[in-house]
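K.L.:
So that we are looking at the same thing, I have put the structure below in structure tokens.
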Amino acid sequence: MSDWKPKRFWKSATVAPVEGGFAVLLDGRAVKTPAKAALVLPTEAMARAVAAEWDAQEKVVAPETMPATRAANSAIDKVGVQFEEVAEMLAEYAGTDLLCYRAEGPEALIARQAAGWDPLLDWARQRFAAPLVATAGVMFIAQPPGSLAALRAELLRQTPFQLAALHDLIAITGSLVLGLAVAEGRLSADEAFALSRIDEHWQIEQWGEDEEAAALEAAKHAALHDAARFYGLC
């Protein structure tokens, strides 16, 4: 039974307006989430993206090829029912944000981090009134309470669908600032991913690339693109 996979049983996936948003219909029957909740999407664009994923399925349904559907399911079944808990968990990234912990050497890496990360910390200070303190090394440094509160408040202003996307934008980059920068259009997904990988790419330049690590990086890069696209569809 562990090898069982759902098979395609529908001819076409369509979109229809319903109370509260838009539904995806498979031969006229509304799609539900894994928890059997109604899959009601906030925008027609998102519903059409989800419908396109269902239409693209062939004989066997492959959930790994349906990022918008999976994100929407997560928004409804998980984020929507524990919104504050998810927001609080993501807010904790501000206390240990990647952009705040800098290399102690060599000078070229220090300069590369400063050139890439300082403008984003300046942006967070101006955009959210949330200055964050950077330090050299890995020892914990406390951030201003007012800044943490401002960034937490920004997360609480999101919808469950937006927060589901932000979860991946933040977790993949390791930075609340980078995640919000993508959501706000300050950075593209490619730019944010490159900034989140400055340390790793420096090591690759020194020692060469590991094939397994490269495959994992490619998967994370693709997932970040999916999250950025989903946020835009909200």
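Every number here is computed from the coordinates shown, using simple stated rules; none is lab data. Keep in mind it's a predicted model, so treat the numbers as computed, not measured. Positions of Cβ are backbone-derived with ideal geometry, glycine not excepted, and every protein chain shown enters the neighbour counts.
K.L.:
Can you put Ile172, Ile198, Ile141 in order, fewest other beta carbons within 10 Å first?
P.N.:
The order, fewest Cβ neighbours first, is Ile141, Ile198, Ile172.
K.L.:
Still on this structure, I have one more. If you count, for each residue, the other Cβ atoms within 10 Å and average over each peptide, how do 104-114, 44-54 line up from highest to lowest?
P.N.:
By packing density, highest mean first, the sequence is 44-54, 104-114.
K.L.:
Could I ask something else about it? Measure nothing fancy, just the Cα-based angle from helix 107-128's long axis to the longest principal axis of the chain, in degrees from 0 to 90, nearest 10.
P.N.:
60 degrees
K.L.:
Tell me which of Thr14, Ala49, Val31 sits at the most positive position along the dipole axis of the stretch 13-66, charges placed on C-beta atoms (Lys, Arg +1; Asp, Glu -1).
P.N.:
Checked the options; the winner is Val31.
K.L.:
Which of Ala213, Ala87, Ala23 ends up with the largest GNM mean-square fluctuation for the chain, with Cα atoms connected below 10 Å?
P.N.:
Maximum among the listed residues: Ala213.
K.L.:
Another one. Only Lys, Arg, Asp and Glu count, each charged at its Cβ (+1, +1, -1, -1), so figure out the dipole size of the chain about its Cα centre, rounded to 20 debye.
P.N.:
Result for the chain is approximately 1080 debye, rounded to the nearest 20.
K.L.:
Suppose each label sits 7 Å from its Cα in the direction of the beta carbon; what would the Glu88-Glu209 distance come out to in nanometres?
P.N.:
A separation of 4.2 nm, rounded to one decimal place.
K.L.:
Roughly how many debye, to the nearest 20, is the charge dipole of the stretch 73-154 about its Cα centre, given +1 on each Lys and Arg Cβ, -1 on each Asp and Glu Cβ, and no other charges?
P.N.:
200 debye
K.L.:
A follow-up question, please. Looking only at the stretch 172-208, which residues have a backbone nitrogen under 12 Å from a spot 7 Å from the Cα of Glu107 in the C-beta direction?
P.N.:
Those under the cut-off are none; the list is empty.
K.L.:
Right, here's the next one. Of the listed values (1) 157; (2) 147; (3) 130, grab the one calculated as volume of the Cα convex hull per residue in Å³ from the structure here.
P.N.:
Answer by label: (2).
K.L.:
Answer with one residue from Tyr101, Ala75, Ala222: the one whose Cα lies farthest towards the positive end of the charge dipole of the chain, charges on Cβ with Lys, Arg +1 and Asp, Glu -1.
P.N.:
Ala75
K.L.:
Step through the table entries Lys11/Lys78; Lys11/Lys32; Lys32/Lys220; Lys11/Lys36; Lys7/Lys32; Lys36/Lys220, compare each Cα-Cα distance with 25 Å, and write down the pairs that go over it.
P.N.:
Lys11/Lys78; Lys32/Lys220; Lys36/Lys220
K.L.:
When the dipole is taken about the Cα centre of the stretch 13-66, and only Lys, Arg (+1) and Asp, Glu (-1) are charged at their Cβ, what size is it in debye, to the nearest 20?
P.N.:
180 debye
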